[in-house]
Amino acid sequence: MALTWNGKKLDWTNVIYFSVIHAGALLAPWMFSWTALGITLFLYWLTASVGITLTYHRLLTHRGFKIPKPLEYLFTLCGMLASEGGAITWVAMHRLHHTLSDREGRDLHTPKDGFWWSHVGWIVSDIGMDRREIEARHAPELVADPVQRTLNRLHVYPNIFVGLALFAWGGWPYVVWGIFLRLVIGLNATWFVNSAAHTFGYRTYETPEGSTNCWWVGIIAWGEGWHNNHHAFQRSARHGHAWWEVDATWALIRVLMALGLARDVQGVPKTADQYRLRGGTRRTAALAPPVAVAAEPEPVLIEA
Ligand SMILES: [Zn+2]
Ligand SMILES: [Zn+2]
């Protein structure tokens, strides 16, 4: 009998792949060096903040700003190093999450189907969806871009090249730190956005799903933990709204703006306060129809 999770068959390729990555990371304490730590932190920032948060999520999924095409492709390459799939697939899946947020059995990764399901279960299960069809429907502009199509197909290779380069440079210790441990931290940071930032923390805005602002996810996921802010104003390139909601990726976007590389940056709408929850942070029933991106109040453009 096939093993299942939430009635879905396990995808053994993914089960084995992610198990090996996590098992490899356990060797890190015996292979410590300051250089290995430095490589790990740099690659964690480059792949998770520049690659996933800035590029896959805020740029390609939500179009929160614009950057020159060559830079978009270079940054997409950084995202491919996070081992979260190609950009087209990631964007299509994430737009699907925003469309069906927290609808039981329909949102790909809602904690309503189980906390660990939303964290990793859906990743290691065969969710029985036609990837190509989802991409064509939810990310048509990326499917139409031949460079993005090629990158999407080749998404596993950059980590193999970086792994070989690290092995040549410093042997297994650099691979264990720079690939295995770095991937475990980056992957779980992203996965906690789907699990913890729909479960723990506080809600600032009235939104139809159960998204939350979770401070520790905000830190480890480079600003993505302010997820209730994000669900409320999806196009905004800035996710941390209060001064203490640290948003490292937003700081990076400000740097790109100052360098003249990011433009048409979408900010928090002027009318955002109207959508604040009154009387403290209460959880809302996540059953109302989701707010379409187009129905959001106009974001304000931010000048460099
Ligand atoms: Zn999003
Ligand atoms: Zn969400």
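Since every read-out is calculated from the coordinates, none of them should be taken as a lab result. Note that the structure is predicted; figures quoted are calculated from it, not measured. With ideal geometry, Cβ positions are generated from the backbone for all residues, glycine too; neighbour counts draw on all protein chains shown.
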Q: Please turn the phi angles of the range 265-277 into ³J(HN,Hα) values with the Karplus equation 6.51 cos²θ - 1.76 cosθ + 1.60 (θ = phi - 60°), one per residue in order, whole Hz, x for glycine and proline.
A: 6, 8, x, 6, x, 4, 8, 3, 4, 4, 9, 5, 5
Q. So what is the relative contact order of the chain, in percent, for Cα pairs below 8 Å that sit 6 or more residues apart?
A. 22 percent
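Sorting check: for 1-8, 102-109, which peptide has the highest mean count of neighbouring beta carbons within 10 Å, and how do the rest follow?
Numbers: 1-8: 10.9, 102-109: 17.9.
Highest mean packing first, the order is 102-109, 1-8.
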**Q.** Computed [θ] at 222 nm, deg cm²/dmol, the chain (DSSP H ≥ 4; -39,500 (n - 2.57); rounded to nearest 500)
**A.** -12000 deg cm²/dmol
Q.
Report the gain in length on full extension from L26 to R137: 0.36 nm times residue separation, minus Cα-Cα distance, nm rounded to one decimal.
A. 36.0 nm
Q. What is the extension gain from A242 to L3, computed as 0.36 nm multiplied by their sequence separation minus the C-alpha to C-alpha distance, in nm to one decimal?
A. 81.6 nm
**Q.** Amide N of the range 167-202 lying under 20 Å from the label point, which is placed 7 angstrom from the Cα of W216 along Cα→Cβ
**A.** 181-202
Q) Relative to the Cα centre, what is the charge dipole magnitude of the chain, using +1 at the beta carbon of each Lys and Arg, -1 at the beta carbon of each Asp and Glu, and rounding to the nearest 20 debye? A) 120 debye
Q: Report, ordered by chain and residue number, the aspartates and glutamates lying within cross-link reach of K69, taken as a straight Cα distance under 18 Å and ignoring same-chain residues fewer than 8 apart.
A: E141, D145, D264
**Q.** Gaussian network model of the chain, springs between alpha carbon atoms under 10 Å - residue of I16, I253, I185 with greatest fluctuation
**A.** I16
Q. Who wins for biggest fluctuation among V91, V265, V156 in a Gaussian network model of the chain, springs between alpha carbons below 10 Å?
A. V156
Q. In terms of modelled amide H atoms, which long-range or inter-chain residues lie less than 5 Å from the amide H of W5?
A. L10
Q: Using Cα centres only, tell me the gap between the range 143-160 and the range 1-72 in whole Å.
A: 16 Å
**Q.** Positive-end residue of I220, F233, Q148, charge dipole of the chain with Cβ unit charges
**A.** F233
**Q.** Dipole-positive endmost among P158, W122, T204 within the range 8-302 (Cβ charges, Cα centre)
**A.** T204
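State the extension gain, in nm to one decimal, for the chain segment bounded by W172 and T271, taking 0.36 nm per residue of separation less the distance between their alpha-carbons. Provide the component values of the computation, followed by the final result.
Working: separation 99, 0.36 × 99 = 35.64 nm, distance 5.29 nm.
That pair, W172 and T271, stretches by 30.4 nm at full extension.
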Q) Rg (Å, one decimal) plus Dmax (Å, integer) for the alpha carbons of the range 83-154? A) 12.7, 38
Q: With springs only between Cα atoms under 10 Å apart, run a GNM on the chain and tell me which of Y275, Y174, Y44 wobbles the most.
A: Y275
